[in-house]
Structures are given as structure tokens and as C-alpha cells.
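The values are calculated or read from the model by the stated rules, or taken from the named source; none is laboratory data. Predicted model only: the values in this text are computed from it and were never measured. Glycine also receives a Cβ, built like all others from the backbone with ideal geometry; neighbour counts cover every protein chain displayed. The accessibility values were calculated without ligands, DNA or RNA, using every heavy atom of the protein model including side chains. Shrake-Rupley method; radii C 1.70, N 1.55, O 1.52, S 1.80 Å.
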Amino acid sequence: MFAFLSGGTGTPKLLRGFLAEYPAEDLAVVVKTAEDLWYGGNYLSPDIDTVIYLCAGLLDTDTWWGVRGDTFETHEALARFGDDYFITVGDRDRATHIARADMMRAGLTLTVATRGIAEAFGVKSSVLPMCDTPVSTMVRTSGGIMHFQEYWVIHRGSVPVLEVLRSVQEPPKASTEVIAALQGAEVVILGPSNPVTSILPILECEGVVDVLKTKPVIAISPFIGDRPVSGPAADLMRARQLEPSSAGVQGLYREFVDVFVQDIRDTTEVHGALRFDTLMVDEKKSRELAREVAGIAGTLT
């Protein structure tokens, strides 16, 4: 079984290739929840929903969020009431948020609610939130502290970030389901997602790194040179005093990663890294990279 640490769009693009090449039942995905929030009275968990919709064949892979072909009548109606509704949510996507909020208000954990939603969509892979306690990624700017969603959705990542913060009610602890999935995996894969906002929140959950030290781990860099494939990873790496490059990413994961993969076009030299085409511009490229990564996994096990 393959286990993935996922967030954003990088790992889901790799997961698309694995879903096309390998049985869905053999895939477990631990998803970052540090950008979740209660929004419009409902519970928004964007990265979990991206993985569920992808596994269900419903994801809009033009935007890599939301349901393909969704409508936005409710969002457009709510927008007239002010700027509180700054995140564009589709009508069918909103139904997922409503169902999740109802389950959580009834006392279910996010893990149990996620399982119920995944089953409702017929998802056969195991989709697991990283923990069941609230974690929020915040950024400090010259204008103050804001939630990552505000930084990325309202400001489009254009505000200089001075510091990346994690707001928690209690230290996050990986669920027993997450630990079991990682322990049961033959190989753990860190996809090419933003290291600071997508992968680090999972690694910060108690128990995760300890398990990774005992497993074969493959990590794929999201950088080509000093630029990320997408998103604000470079700015956020700098805000964490990390080099915004594959070398910086490899250093961040060095404690537990066995094989590090970077792109064939990357001008940064990382000693011992393997090189493949990591630009997954379509399903064909995702499948090719999935086969390469699975091949590496075979040598590790």
C-alpha cells in the first residue's frame, strides 16, 4: 500500500496518476487540514474535498478545487450581503460543507465525518485528515495577522509575508487512523505540495515523524530552480528562513526521507537526488511520474 502526505494541488496531481495505474484500495492519503475553517455556517475543508472529489472522478481539474461543472447561484446570492463571503463555493460543493458541519455539530470527529463523506461519494481509497483538533495557518504581514485563506483568496498571495504561524487550541496529534495508515504502508510519499503550508502541518502532528523514521519515504520537490511549480511556496519558505529551492526542501525533509526526487529541468543540484519530469501538466504526465515513483518504491521494499 502507498500512503501519501497531501495538500494543495501538487500531491493530488500525483495521486491522479496513481489512481489511474493502481487499485484505489491500495492508496491512503493523509491530508493537511491547517486551512480548514467554519465559513458561512458550514465547515470548509478544501484539501480533503479536493482528494475526495478526485477519487470520485468529480474534481474540476482545471482549477484543482471544487466539483466539475458546478453552479454558483448560492454564492452569487450571498455575495450581495457583504465581503464575509469571499470564498467562491459551488452549490454541490456547499452541500458537502453542510453535511460535514452537521456531522461535526452532532459530535463526530473530522476523521469520522470524512469517512462518511468519502463513503457517500463511493471513494475506495482511505482519505484521512491529519488530526481531529483545529489547526490554522496564519501569516503575519505589515498590516497584521490574517488566516491563510484571506492571504491567498482575497490578496492572491500578493501581500509580503513576514512570518508563517500555526494557531492551535492544543498541540496537534495525529489520529490513530493516520498512524495506522502510515505504519501499514509499504512506502510513504510526500508529493510536490507546498512544504510550509501543506506538508509541515502534517509533520507537526505528534507521532507522524516518528513513524516516518521507520518507513521507506520518497519526497518529490515542488521547486524548479528557485521557483515553485505553482503557488506561494517560495515566499513562505523565505518567511520560515528556508532556502526556496529543492535543496531547501530536501534539507527540511532530510531527517526521514530515503529518496528525494527533483525535476529534470531543475538547475539546483541536490546530492543523491533522482531526476524525473515532475511537471504533471496532464493525466499522461501524472501517470508517467506515478510509475517512476512506484518503481523507486519497489526498490525500497
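Across segment 43-48, in residue order, what do the Karplus-derived ³J(HN,Hα) couplings come to in whole Hz, using 6.51 cos²θ - 1.76 cosθ + 1.60 with θ = phi - 60° and x for Gly and Pro?
So the Karplus estimates, Gly and Pro as x, are 9, 9, 10, x, 6, 4 Hz.
Can you give the charge dipole size of the chain about its Cα centre, rounded to the nearest 20 debye, using +1 on the beta carbon of Lys and Arg and -1 on the beta carbon of Asp and Glu?
In total the dipole reaches around 220 debye.
On the protein heavy atoms, probe 1.4 angstrom, tell me the percent of accessible surface of the chain carried by carbon and sulfur.
Values: 6550 of 13030 Å².
Answer for the chain is 50 percent, counting heavy atoms of protein chains only.
Taking amide H atoms as placed 1.01 Å from N in the peptide plane, list the residues 5 or more away in sequence, or in a different chain, whose amide H sits under 5 Å from that of PHE4.
Counting only residues 5 or more places away or on other chains, the set is ALA28, VAL29, VAL30, ILE189.
Could you tell me the relative contact order of segment 136-247? Use alpha-carbon pairs under 8 Å, at least six residues apart, and round to a whole percent.
In percent, rounded to a whole number, it is 24.
Pick out, from SER198, PRO232, GLN183, the residue whose Cα sits farthest towards the positive end of the charge dipole of segment 101-241, with +1 on the Cβ of Lys and Arg and -1 on the Cβ of Asp and Glu.
PRO232
Just to confirm a number: summing +1 for Lys and Arg and -1 for Asp and Glu over residues other than LYS213 whose beta-carbon lies under 12 angstrom from that of LYS213, what do you get?
Overall, the nearby charge balance is -1.
Could you work out [θ]222 nm for the chain from helices alone, using -39500 (n - 2.57) per DSSP H run of at least four and dividing by all its residues? Round to the nearest 500 deg cm²/dmol. Intermediate values should be presented prior to the final figure.
Working: 11 runs with 106 residues, N = 301.
The helix contribution divided over the chain gives -10000 deg cm²/dmol.
Whole-Hz ³J(HN,Hα) for each residue in segment 140-149, computed from phi via Karplus 6.51 cos²θ - 1.76 cosθ + 1.60 with θ = phi - 60°, x for glycine and proline: what do you get?
With the stated coefficients, segment 140-149 comes to 9, 10, 5, x, x, 9, 9, 5, 4, 4 Hz.
From the cross-link list LYS13/LYS284; LYS13/LYS124; LYS173/LYS215, which pairs have alpha carbons spaced over 21 Å apart?
none
For the full complex of protein chains and a 1.4 angstrom probe, list ARG16, ARG265 by accessible area with the highest value first.
ARG265, ARG16
Amide H neighbours of TYR39 under 5 Å, at least 5 residues apart or on other chains, H built in the peptide plane: list them.
LEU44
Would you mind finding the longest exposed-site-free stretch of the chain, with exposed GluC sites (Glu not before Pro) meaning DSSP loop and at most 15 other Cβ atoms within 10 Å? All intermediate terms of the calculation are to be shown ahead of the outcome.
On the way: sites that count: GLU186, GLU255, GLU269.
Result for the longest clean stretch: 1-185.
Could you tell me what fraction of 2.2 N^0.38 Å the Cα radius of gyration of segment 156-269 comes to, as a two-decimal ratio?
Working it through for segment 156-269, the quotient is 1.10.
More than 20 angstrom separation, counting every C-alpha pair in segment 16-160; what % is that?
Numbers: 5339 of 10440 pairs.
When every Cα pair of segment 16-160 is considered, 51 percent fall beyond 20 Å.
Computed over the Cα atoms, what is the radius of gyration of the chain divided by 2.2 N^0.38 Å, N being its residue count?
0.95
Can you give the accessible area per residue of the chain, in Å², using a 1.4 Å probe?
On the way: 13030 Å² over 301 residues.
Spelled out: the 1.4 Å probe surface of the chain, per residue, equals 43 Å².
So who's got an amide H within less than 5 Å of the one on ILE224, skipping anything under 5 residues away but keeping other chains? H placed 1.01 Å off N, in plane.
VAL229
Using only Cα atoms, what is the ratio of the radius of gyration of segment 249-301 to 2.2 N^0.38 Å?
This ratio for segment 249-301 stands at 1.19.
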